[in-house]
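Notes for the one structure printed next.
The values are calculated or read from the model by the stated rules, or taken from the named source; none is laboratory data. Not measured: the values here are computed from a predicted model. No Cβ is skipped: glycine too gets one built from the backbone with ideal geometry, and neighbour counts run over all protein chains shown. Please note that ligands, DNA and RNA were not included when accessible areas were found on the heavy atoms of the full protein model with its side chains. Shrake-Rupley method; radii C 1.70, N 1.55, O 1.52, S 1.80 Å.
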Amino acid sequence: MNIYSVFPFIATIAYIPLLVTALSSRPWQRRNTLFVIFLISAIIWSLTDYFARSNFFPEHGLVLFRIVILAFAFMAVQFHCFTSSFFAPGQGRWLPFAYICLGIMMILVGLGYVPRDIEIIGERHYPDYGIGIIAIVVPLITLVVRNLYVFVKRLKTLDNLILYNQIITLILGICVVTAFSVLAIIPSISVYPISHFGSLINAFILSYAVIRHQLVDIKIVLRRSVAWATLVVIGCASYWVLLYILHSVLDFDLSLTATTAATAVAIAIATFVYRLRSSLFFLISRGIQGQIYNYRQELTYFANTIHNVFTLKAQGGNLLSLIAKSVSCKRVCLLFPETGSNDFTTQLAEPAEKANPLSGLTIKENHPIIEYLNREQKPLTRESLSILPEFRSLWEQEKEVISRNEIELFMPLISREKLIAILALSKRQHGRYSLEDLNLLEDVTNIVAVSMEKEYLREQLRAREEELSLLNRSIAIITSKLDIQEIFDSFIAEIKKLIQIHWASILLVEGEELRVIAVSSKIDPKFKVQDRLALKGTFTEWVINHQKPLIEPDLQQNTTTTIGDYHRKQGIRYVACLPLFAEGKVMGSLMITSLKPNAISQRYIKILDHLSSQISIAVKNSQLYAKVEEQARVDQVTGLLNRRSLDEMITSEIGRHSRYGGIFSLIILDLDSFKLFNDSYGHPAGDKLLKQVGNTLKKTIRTADQAFRYGGDEFAILLPQTGIEAAQQVAERVRTQISKKVNARDIQLTASLGLSTWPVDSISADEIIMTADAALYYAKHNGGNQCQCASEKTLPEHVSLSPAIHDDSSGSLSSIYALAATVDARNPYTSHRSKKVIEYSLALADALNLGSLEKNRLECCAMLHDIGKIGISNEILNKHDKLTDEEWDVVRTHPQLGAAIINQSHQLAPCVDGILYHHEEYDGGGYPKGLKGEEIPLEARILAIADAFAELTSDRPDAAAFTPDRALEEIRLGAGTKFDPHLVEVFRSVTKSAIPVPQKRRR
């Protein structure tokens, strides 16, 4: 080996690590194949020139040199094949031209035109290329110009920094190889192997490109291996060449021992410098980048240890926070594919706040950005969106989303050759993203992709389990009940555990209208149950026409229907309308709304769509149940409610009137000549007649009243909040209308009516029916075609006195005492006044030395003295303002009503006078009879004083409680006018000693 063969030898060694690395890399791609072929051709060229210049076969020098020329031409063509693989798609690579030129070169060399001769003088070789060298140089220069033209043109529009740097590297390599190859054919320089010096430089450039810019797809370990191997080989070879040159120039002794020692020292110095380089690089980087350098170190460390974090939220939250700090971006988010639709939606965002616009970012499955990232598996910049042809089809609205959110970069997270997530970054705080930023982000995303995919799949599995659990619970709720509102409330309660719903309803189609049959709302409901809406222009109409769900993700941006504007004005942002199918047709819709846009993901929409079919079944079952229930409550002949409904409504009215006050009446009606009509014309005609009577009753009674078919030819009318006088007017109107309007052919049809009032004539439901029935019997017994009341005579509104027409029982007595407790409980100011009246009355009775029988009767009167207030409404009873004259008339009826209730029990009959007259005044100015002096029963006079004292010492709606002394003074002032003067003196004497007067309460 001589000095002229050293460079070909070093070039051969420099290409070997690249070849080994390329052969070891997987997966194998076409570009890898072209790269390997080029490396082999470069090694063959350098190796043949090494043999030619080493004078191993001096007799075959010309043949070897021709082989060198052929190897060079083959290497040059293969270098073109490899570099042209980086051309843009559709750009002509001129491969046929290149191989045709190679064939021509082989012919010229084979025929001896190139080179014509070679002269070897010692270690030097002087080739004579001849005129034929032009046939080799011109085609190769043409390929070089073609490559440079295409690459320079592409660089002007290229924004992919990685590809940009790859092409720059290739341009540099082409220029170096071309320049040194052209120099090699100059006669004065051709003696030196200068072309291999260019090949050696090209090997360095390619090694750098493979390691730094991923010129070909080589794994990181192999990249590092080729880097170290190349550095060692090149360093040692360069060092030995330097020693050889110094040996030749300075003519000093160069032994094997000295060479080995010098090499060892050089390696030690190189290692020291390398270690010093790391520390120096750290200090310089820290000094230039400042705190960002620390953030980048933390980001790298976190990426390498992310497998120790076991939730996607923790992984993504820490990752995004460090990325935002490391590259100084304003906002960053992670998008994952949504189950069911595969649309990429934001799962995590930094800053983690609702105001971050990236929090609601969604990219559709078929969006060009998704297709590009999935196909190219490399970063996508905002500039690419405006340059690359495949993004020209983007809608203006889609471009506006990217522009509004200031998104500058999309980084794909690739796992198992599949796009599993997208990292979207907005603008930097200052400047643009550098190549260093892109390399950092790419390294980090490559490391974290697998771990994040595992956690994402694990969370998807947990979500799927929750969905199945929701489906099972919802189906169980839907199939376990028949009341649709109860079903809907329970169903929505389950749905709200996973979805934020503010208002939901079920609407049924009835002709050209919609009827609301169920509502669940956290806000003021827009519609109520049984409301009716016009079908036209609604979401349900759209669902009926299209036979599929309608989703309005954000009403503020767009709406499909006219009613969407109404919902938007009410603050609704999101609407999902799902069809309810029955027998293949849309019977209605399930409406779900939210105040938040994009409130329900596609995954939950599919669940709701599935559940809507179950709801359809529940609605149908509910309708069937309601129909059967209605048939069980409605008389099929007359269309009126039946006896069962009457019993239920009377019980309900008793409870309602007990809680809120007032009285109600019941009329029972019997057709006088119906049996004769039935016998004369038959049952079908009789049914038609009964239907006429039912229609007449509906038209005659008031809106608040309710008519019933009681049985046979008997009917009933329930009149809420109606006293005896008003009930008699209704009864007379009904009797008259039946006689006039009902067509009974040649038979004069009349009706007899019995009327009973609660609680005047009876207390319980059975009793009020019995008293009305008894009154009806009395009307028929007196000749029929008349109305009779259960009371003996008519009293003012709300009141009638009558003896009990049924047997006394413990049940009636219990009902009376229960009514008294109800009256006490209705007035918060007098809830304990009855006990006080009892206490004060008995103290006065003891002072008067009354017997035990009188005391028992007085105690009973005191307990029940205000029972008549059951007929006074809460509005009057608890009114804070001054009562009107009409309201006072109502209040003054309560003694008579109380006496009428008490009179229903024989055991309580002795208490009637005490209760009826306890508001009479000593001078005759009281009510209801205006009795005076001793005409007023003793029990009533005692109750008047005890009741007045109890009222004065209690807080009232219009005044605070009096002190005991002031209350006694008020009683004294009323002696002789309101109260019995003798009883007043006795009461005053015993009050301070015997009666524990309550203290005034703090208001």
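FRET efficiency for residue 656 and residue 464, Cβ-Cβ distance as r, R0 = 45 Å, nearest 0.05? Using R0 = 45 Å, I get an efficiency of 0.35.
Going by average Cβ density within 10 Å per residue, which order do the peptides 752-763, 549-560, 855-866 take, highest to lowest? Could you put the intermediate results ahead of the total?
Details: 752-763: 27.9, 549-560: 16.4, 855-866: 22.1.
Descending mean neighbour count gives 752-763, 855-866, 549-560.
Tell me, how many Å apart are the Cα centres for the stretch 373-390 and for the stretch 911-954? So the separation of the two Cα centres works out to 98 Å. Using a ≥ b ≥ c from the Cα gyration tensor of the stretch 2-139 (square roots of the eigenvalues), is it rounded, prolate or oblate, where a/c under 1.5 gives rounded and otherwise the larger of a/b and b/c decides, a/b for prolate? Since a/c reaches 1.5 but b/c is at least a/b, the shape of the stretch 2-139 is classed as oblate. Across the chain, the mean sequence separation of Cα contacts (distance under 8 Å, 6 or more residues apart), normalised by length, yields a relative contact order of 5 percent. Computed from point charges on the beta carbon alone (+1 for Lys and Arg, -1 for Asp and Glu), the dipole magnitude for the stretch 851-935 about its Cα centre is near 280 Debye. Residue 473 sits among other residues whose Cβ lies under 12 Å from its own Cβ, and their net charge, with Lys and Arg +1 and Asp and Glu -1, is -2. In the chain, how does Rg compare with the Kirkwood Rh, expressed as the Rg/Rh ratio over alpha carbon atoms? Rg/Rh: 1.33.
What's the ranking of 368-379, 466-477 by average number of surrounding C-beta atoms within 10 Å, highest first? Walk me through the numbers before you get to the answer.
Values: 368-379: 17.2, 466-477: 15.2.
Descending mean neighbour count gives 368-379, 466-477.
Hey, what number do you get for the chain at 222 nm if only DSSP H runs of n ≥ 4 count, each worth -39500 (n - 2.57), divided across all residues, to the nearest 500?
Working: 34 runs with 565 residues, N = 1003.
Calculated from helices alone, the mean residue ellipticity at 222 nm is -19000 deg cm²/dmol.
Debye-formula intensities of the stretch 130-171, expressed as log10 I(q)/I(0) at q = 0.15, 0.16, 0.26, 0.27 Å⁻¹, are -0.47, -0.50, -0.84, -0.87 (one equal scatterer per alpha-carbon, no solvent).
Calculate, for the chain, the solvent-accessible area per residue in square angstrom, rolling a 1.4 angstrom probe over the heavy atoms of the protein chains. Don't skip to the answer; put the middle values down first.
Working: 48080 Å² over 1003 residues.
Result: 48 Å² of accessible area for each residue.
Peptide packing for 925-935, 967-977 was compared via the average number of neighbouring C-beta atoms within 10 Å per residue; ordered from the highest value, the list is 967-977, 925-935. Simple rule: put +1 on each Lys or Arg Cβ and -1 on each Asp or Glu Cβ in the chain, find the dipole, and look at 70, 547, 299; the Cα lying farthest toward the positive end is 70. Could you give the angle, 0 to 90 degrees to the nearest 10, between helix 133-155's Cα long axis and the longest principal axis of the Cα atoms of the chain? With both axes taken from Cα atoms, the answer is about 20 degrees.
For the cross-link pairs 688/741; 699/741; 313/454; 313/496, the ones whose C-alpha atoms lie over 18 Å apart are 313/496.
Arrange the residues 157, 83, 884 by how much accessible surface each exposes, largest first, with a 1.4 angstrom probe. Could you put the intermediate results ahead of the total?
Values: 157 80, 83 0, 884 60 Å².
Highest to lowest solvent-accessible surface, that is 157, 884, 83.
Between the helical axis of 938-952 and the longest alpha-carbon principal axis of the chain there is an angle of about 30 degrees.
Between residue 624 and residue 886, what length comes free when the chain is fully extended (0.36 nm per residue of separation minus the Cα-Cα distance, one decimal in nm)?
Working: separation 262, 0.36 × 262 = 94.32 nm, distance 4.88 nm.
The span from residue 624 to residue 886 would gain 89.4 nm if fully extended.
What shape does the stretch 23-66 take by its C-alpha gyration tensor, where a ≥ b ≥ c are the square roots of the eigenvalues and a/c under 1.5 counts as rounded, a/b above b/c as prolate, and the rest as oblate? Prolate.
Over the stretch 887-977, Cα pairs under 8 Å with separation of 6+ residues give a relative contact order of 19 percent.
Simple rule: put +1 on each Lys or Arg Cβ and -1 on each Asp or Glu Cβ in the chain, find the dipole, and look at 538, 138, 600; the Cα lying farthest toward the positive end is 138. A dipole drawn for the chain from +1 and -1 charges on Cβ atoms has a positive end, and of 112, 450, 172 the residue lying farthest that way is 112. Axis angle, to the nearest 10 degrees, between helix 643-660 and the longest C-alpha principal axis of the chain: 90 degrees.
Within the shell of other residues whose beta carbon sits under 14 angstrom from the beta carbon of residue 116, the net charge comes to -2, with Lys and Arg scored +1 and Asp and Glu -1. Ranking 362, 700 from most to least accessible surface, computed with a 1.4 Å probe over the protein chains only, gives 362, 700.
When a/c reaches 1.5 or more, the comparison of a/b and b/c decides; with that in mind, is the stretch 620-771 rounded, prolate or oblate per its Cα gyration tensor? Oblate.
Roughly to the nearest percent, how much of the accessible area of the chain is carbon and sulfur, given a 1.4 Å probe?
Working: 27190 of 48080 Å².
Summing carbon and sulfur atoms, their accessible area is 57 percent of the total for the chain.
Simple point charges give the picture: +1 on the Cβ of Lys and Arg, -1 on the Cβ of Asp and Glu, and for the chain a dipole about the Cα centre of about 4340 debye.
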